[in-house]
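A quick write-up on the structure given underneath.
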Number of protein chains: 4
Amino acid sequence: MIKAGIVGGTGYTGSELLRLLTAHPQVDIIAVTSRADAGTPVTAMFPHLRGHLDLAFSDPEQTCLDNCDLVFFATPNGTAMRQAGDLLAAGVRVIDLAADFRLPDAHLWERWYGMVHAAPHLLDEAVYGLPEINREAIRTARLVANPGCYPTAVTLGLLPLIELDDIAASPIIADVKSGVSGAGRKAATPLLMAEAGESFKAYSVTGHRHQPEILTNLRRATGREISLTFVPHLVPMVRGIEATLYACWQGPRQDLQAHYEARYRDEPFIDLLPGGSALETRSVRGTNLCRLAINEPLDAGVVVVQAVIDNLVKGAAGQAVQNLNLMFGLDERLGLEPMLALVP
Amino acid sequence: MIKAGIVGGTGYTGSELLRLLTAHPQVDIIAVTSRADAGTPVTAMFPHLRGHLDLAFSDPEQTCLDNCDLVFFATPNGTAMRQAGDLLAAGVRVIDLAADFRLPDAHLWERWYGMVHAAPHLLDEAVYGLPEINREAIRTARLVANPGCYPTAVTLGLLPLIELDDIAASPIIADVKSGVSGAGRKAATPLLMAEAGESFKAYSVTGHRHQPEILTNLRRATGREISLTFVPHLVPMVRGIEATLYACWQGPRQDLQAHYEARYRDEPFIDLLPGGSALETRSVRGTNLCRLAINEPLDAGVVVVQAVIDNLVKGAAGQAVQNLNLMFGLDERLGLEPMLALVP
Amino acid sequence: MIKAGIVGGTGYTGSELLRLLTAHPQVDIIAVTSRADAGTPVTAMFPHLRGHLDLAFSDPEQTCLDNCDLVFFATPNGTAMRQAGDLLAAGVRVIDLAADFRLPDAHLWERWYGMVHAAPHLLDEAVYGLPEINREAIRTARLVANPGCYPTAVTLGLLPLIELDDIAASPIIADVKSGVSGAGRKAATPLLMAEAGESFKAYSVTGHRHQPEILTNLRRATGREISLTFVPHLVPMVRGIEATLYACWQGPRQDLQAHYEARYRDEPFIDLLPGGSALETRSVRGTNLCRLAINEPLDAGVVVVQAVIDNLVKGAAGQAVQNLNLMFGLDERLGLEPMLALVP
Amino acid sequence: MIKAGIVGGTGYTGSELLRLLTAHPQVDIIAVTSRADAGTPVTAMFPHLRGHLDLAFSDPEQTCLDNCDLVFFATPNGTAMRQAGDLLAAGVRVIDLAADFRLPDAHLWERWYGMVHAAPHLLDEAVYGLPEINREAIRTARLVANPGCYPTAVTLGLLPLIELDDIAASPIIADVKSGVSGAGRKAATPLLMAEAGESFKAYSVTGHRHQPEILTNLRRATGREISLTFVPHLVPMVRGIEATLYACWQGPRQDLQAHYEARYRDEPFIDLLPGGSALETRSVRGTNLCRLAINEPLDAGVVVVQAVIDNLVKGAAGQAVQNLNLMFGLDERLGLEPMLALVP
């Protein structure tokens, strides 16, 4: 059994990790830390886990995680970068579900995240944990940067597209929409149900932190600079991300459906729908799937790719479990099956 | 007092008309027809109108509307085109809230709406009822085609933009989102709360009827052909439309904020927010306002315009009342003030 | 014009007061205070008021409210009791929308609200602002305690019932449900949309502060001790309270429908539906109405009374405006018409 | 492997059965019928099952179910009673998820369901499929009447209570609330999101079909007549039932918490929370659990029991799978674990 620790288990990525890991046949959760809630039984905060986890939150200062095989950081940005080094030195592998190791360039990171990076020397080693582009590197990684939720959906939707020379020079539009759980379990007025309910809005229109992460992914994959406009929106629902992605043919059209099918044929967590389909977020709710659909409406020379994920699963905790499976030589799908969305 | 009749008063555009007209100081509702519910008191179906309307639905076959000053059609597509001619001949003015008279070309209409047009001879006379582009023509119109909800939001958002030569050649993306009331009060499985709740989806990705209506508006306004990609989405909320509109500069940039301000300075129902703002649909809930915000994020050469309306007010019944006011020489805002959205 | 000040204008009762008062023909809002947001234009926080209110939040320490005719406290519990005395001494009338003056007994208040009462000497003077039981006293009151949202719905639903000797001895059950705006605009984890959305729950099952307020009302009205079990629930919606009230006949049945009709015949804000009706909260959304319906299902000897209100209107700001109208000799309905709910 | 057929697989109980059975290790689904959608691949209607079920809906007239080991009826009321006899004669066991066999008395059934019962001779044989009261009878049953969703929650909440002599004579109040999926996947106006969203309502206040089913359960369990008032409400959410149940002590109080614990100690799908807890429906979302909590607020002599279930799982398809497990000698929990609710 793999001994896993979770630092910061009281947010949504943390609780979703707990949901998935308690059901994982090869993982024992040996510690879940929380500074504010140390001593509280996990099931007192998360009654839906009653009967599945007999553990209390422990004080991070008093919790030795050195005997873990793997530690997940489900903390705010800026925590993992201060603690990962010691754990790695102690032989513990690390998956950070926050943003600390997602960008390869400390200066770029500092500009977007507004703090000094505490471990720039680890950035080279960190492997970006999107299996669909980095599967082999993840297997042997000591430190995995689990992708952001928007970057997961947008990158998986765009990857095959921008590999085509006749698209790549196009300005790309990513109009993305997320349920409110994407913003985390922090008490903030704009996330109140009385604020976010029965309304739809755009936000961060002048620039969002996931923009440089997506651009990094696309640049790595293609070796090119991509022009991307990324506008996030908040949907009055709890879970789910939908990305509608637009690009223009710059040369002769190709058969995109066949191209995507070929690109993702062996991916266990990607499901490409028939051409002309439209997607809904609930079709992946609770699962680690990314579903994709391609359209070229009305012959305008514009390609429309839709991607949907569950932001807390493929966009966070599920992808982290997928990475754990890869890192420990397990079947990539272990603990993530059956992939049956909760519909309705 | 203006004597008004409503044909087909049991849907959402009909009930919203009733809500607005019962409070309008210059209008008397003298008949509301419904084939299926003839004889039923209106307040039995719509208890929220109790105390404000002492009228029963009447059978359309047995209701003479010739003594109305104005008849609203809040019917499915295909009804007004069969009845408008007789009413006009009887000296009654007509506002159709459905699509029958929105497109100038009967063939184009028939292709999108899947039926033969019963009154192509009226298409030339019909005035497209978007006051912001047709105010003077509406004042004297006998027959007004009240715009669709998406076309209202998208047209108002794009109009000033495409008047600029250095934008107009750009492929334009309209990523639009609507609450479920936009689909009307018809019993259809996809509109059930158990289907549409807690999920977000795209639909009609291969082509939507409002696309040719928007293109007609933009062409009329500019005399140019515009390349528009229009993808509608369904939001798990009741009221509201948000349009995020994207275009690329094809020449030197201009001060868009100032341009929009100049264009819409005297419009009573358009509110342009300061640059860099982001909009939420609830800020116009229950009002006839269209709020707009302009952004040019991250210097990518892409312009992002956001428009929000209440689909049942500025997108339907409120705009119809605005048109009534114009047609009868009243203050355009009568019955539509105060413009205070219900927030939260 | 009545000069009104609002202390604490950044919560939901405050913003709803702003919505109603900006449209009130006899009120000028001359100051809105907020310690945290002093200097911010009100419309920067509440964009839905753009165009209707040209005022910034002012620092309460630097705002003299002595020249107001009326000051509303839309503050947390414990603020009005420290400031009302000085305002009254300066000749300013006061309506407290919080709980400070709702209970006649300072000790009872202190037990439920967990703080020392700072103005017990004002409790005798304070008039409980439920016009349906205290209309005459409100007209001349200097200090009005605006009722709580649950107590408004439950009291109006039960009043005629417990006036009947053959009901009053019955144990009464009040199963009440509220939308999330009832908890206010404070950043608290349980009120996040990701917590409260797509779920329904009971809370405060061991005792809720509105229980003694309701009991006080019922005791005042009848001179009897009533046995009341009150269980509040949280509904995944923004606005609305529904109370389902149960009591058992202890003697021969009477015609309840006729009894309620007689009791509420002249009340402008109470609407009794025909017997056998069922109510929905949206039928009063945005209005100051309380709608009631009575049922005696299946001859079990149990009476079921349903009451619905909009918690922010009749349950808070609307009732405060109704009280203002009474206090200043205006038509009770001024600024509260038309009473047309926003449906759907 | 158990060969299972599903008659009427296009509703919510049908699709939930498909979700659970495709993941069940001992069941093969060999046919799913639908008159209206015969020929359509199941995953075309339910894309969330893509990759898990390679089957098309088949025409019920042309589908021989005689080689099934078990047939589920996920049909409207009135279908199973016409077909169950032939299947039983062919040696096929039957679970009806509709109401045809839930009441022991054909006359009572006909009164509430408004049609003639086609198989009154099977009513004696039918076993009411609530394992917590009928476990042994279910094991050997040929025909199981799967309980209604409300009756499951209310019966499990009340059973231990009414076994106490000092409660049983009390009038009992069941104030129950359901998400919209409880009404099924039928296109009906009141179930539209634009009708049911952002609103809360009572319905069937004059009498609901689940009332006699609950009374039958309570009578069977105790041998007494119980006085029950049952008022259902519709919550603007998709899944979940909450029942708040009220009764009054008629004699000396007992330790209810201990009594419930003893009664349900060995039940795999019942979870009793500590005294003073309050429950939320999401804590059981997607699971076959019934969670219970007991309170005696404010010493009023009134007992408050809360029960929550997922109406589509323990209230329908999950309970049917639990019954299948019992009928075929399997572990009762097979295919229903892990019991981890999807939260948030």
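Yes or no, residue by residue, for (1) more than 24 Å from C:Arg239 (Cβ to Cβ); (2) within 7 Å of another protein chain (Cβ to nearest Cβ):
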position: A:Ala196; (1), (2): no, yes
position: A:Gly207; (1), (2): yes, yes
position: A:Arg220; (1), (2): yes, no
position: A:Asp255; (1), (2): yes, no
**Asked** Does C:Val343 meet the test of being farther than 30 Å from C:Pro252 by Cα, more than 14 Å from chain D (Cβ to nearest Cβ) and among the β-branched types (Val, Ile, Thr)?
**Response** no
**Prompt:** Given (1) away from chain A (no Cβ under 14 Å); (2) buried (at least 18 other Cβ atoms within 10 Å of the Cβ); (3) within 25 Å of D:Gln26 (Cα to Cα), where does D:Arg50 come up short, assuming only one miss?
**Reply:** (1)
**Message:** Can you find, within segment C:191-220, the residue that is nearest to A:Asp310 (Cα to Cα) among those that are of a type outside the set (Lys, Arg) and surrounded by fewer than 18 Cβ atoms within 10 Å (Cβ to Cβ)?
**Reply:** C:Tyr203
**Matching residues in segment C:149-194 - criterion: being part of a strand (DSSP E or B) and facing another protein chain (nearest Cβ under 8 Å)** = C:Ile173, C:Asp175, C:Lys177, C:Leu192
**Request:** Can you work out which of the residues in segment B:258-278 that are out of contact with any helix residue (DSSP H, G or I) (no Cβ under 8 Å at 6 or more places or on another chain) and buried (at least 19 other Cβ atoms within 10 Å of the Cβ) is nearest to A:Phe200 (Cα to Cα)?
**Result:** B:Ala278
**Request:** Output yes when any residue across segment C:287-305 is within 12 Å of another protein chain (Cβ to nearest Cβ), touching a residue at least 60 places away in the same chain (Cβ under 8 Å) and within 20 Å of C:Val144 (Cβ to Cβ), and no when none is.
**Result:** no
**Message:** Yes or no: segment A:264-277 includes at least one residue that is at the interface with chain B (Cβ under 10 Å from one of its Cβ atoms), outside any strand (DSSP E or B), at positive phi and free of Cβ contacts under 8 Å to residues at least 12 places away in the same chain.
**Reply:** no
**Request:** Out of A:Glu195, A:Glu136, A:Glu163, report the one residue that is touching a residue at least 12 places away in the same chain (Cβ under 8 Å) and acidic (Asp, Glu).
**Result:** A:Glu163
**Asked** Mind checking whether some residue in segment C:234-257 is of a type outside the set (D, E, K, R), under 22 Å from the mean Cα position of the chain (by Cα), surrounded by fewer than 21 Cβ atoms within 10 Å (Cβ to Cβ) and not in a strand (DSSP E or B)?
**Response** no
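Quick one: which of A:Leu164, A:Leu156 is in contact with a His (Cβ under 9 Å, 6 or more places away or on another chain), among the aliphatic types (A, V, I, L, M) and closer than 27 Å to A:Gly251 by Cα? Break it down into steps so the answer makes sense when it comes.
Values: A:Leu156 fails: in contact with a His (Cβ under 9 Å, 6 or more places away or on another chain).
From the options A:Leu164, A:Leu156, the qualifying one is A:Leu164.
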**Request:** Could you please give the count of residues in segment A:222-236 that are within 16 Å of B:Val235 (Cα to Cα) and either facing chain B (nearest Cβ under 9 Å) or out of contact with any Lys or Arg (no Cβ under 8 Å at 6 or more places or on another chain) (or both)?
**Result:** 4
**Request:** Return yes or no: is C:Tyr128 touching a His at 6+ places or on another chain (Cβ under 9 Å) and within 22 Å of C:Phe101 (Cα to Cα)?
**Result:** no
**Message:** Can you find a residue that is out of contact with any Asp or Glu (no Cβ under 8 Å at 6 or more places or on another chain), more than 13 Å from chain A (Cβ to nearest Cβ), modelled with pLDDT of 95 or more and under 30 Å from D:Cys248 (Cβ atoms) anywhere in segment D:322-333?
**Reply:** no
**Within segment C:210-259, tally of residues that are over 24 Å from C:Gly286 (Cα atoms) and touching a residue at least 12 places away in the same chain (Cβ under 8 Å)** = 29
**Fill in**
All conditions in (1) of a type outside the set (Lys, Arg); (2) more than 14 Å from chain A (Cβ to nearest Cβ); (3) in contact (Cβ under 8 Å) with a residue 40 or more places away in the chain are true of D:Glu61 except (3)
**Message:** Quick check on A:Ala141: is it over 17 Å from A:Glu213 (Cβ atoms) and among the small types (Gly, Ala, Ser)?
**Reply:** yes
**Message:** Condition check: assigned to a loop (DSSP other than H, G, I, E, B) and either surrounded by 23 or more Cβ atoms within 10 Å (Cβ to Cβ) or assigned by TED's automatic domain parsing to the domain that holds A:Leu234 (or both). Does A:Asn311 satisfy that?
**Reply:** yes
**Whichever residue in segment A:128-148 is in a loop (DSSP other than H, G, I, E, B) and more than 17 Å from the chain's Cα centre (by Cα) and, among such residues, is surrounded by the fewest Cβ atoms within 10 Å (Cβ to Cβ)** = A:Arg142
**Request:** Determine, yes or no, whether A:Asp299 is among the charged types (D, E, K, R) and under 19 Å from the mean Cα position of the chain (by Cα).
**Result:** no
**Asked** Scanning segment A:28-72 for residues that are over 24 Å from the mean Cα position of the chain (by Cα) and of a type in the set (Asp, Glu), which turns out nearest to A:Leu17 (Cα to Cα)?
**Response** A:Asp54
**Prompt:** Can you name the residue in segment B:112-127 that is in contact with a helix residue (DSSP H, G or I) (Cβ under 9 Å, 6 or more places away or on another chain) and within 17 Å of B:Gly148 (Cα to Cα) and is also surrounded by the fewest Cβ atoms within 10 Å (Cβ to Cβ) among such residues?
**Reply:** B:Trp112
**Request:** Give, as residue ranges, the strands (runs of 3 or more DSSP E) completely inside segment A:1-91 that count at least 3 residues that are at pLDDT 95 or above and farther than 28 Å from A:Gly114 by Cβ.
**Result:** A:2-7, A:27-33
**Request:** From B:Asp96, B:Asp105, grab the single residue that is of a type outside the set (A, V, I, L, M) and surrounded by fewer than 24 Cβ atoms within 10 Å (Cβ to Cβ).
**Result:** B:Asp105
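The values are calculated or read from the model by the stated rules, or taken from the named source; none is laboratory data. Please read all numbers here as calculations on a predicted model, not as lab measurements. We place every Cβ from the backbone using ideal geometry, glycine too, and count neighbours over all the protein chains shown.
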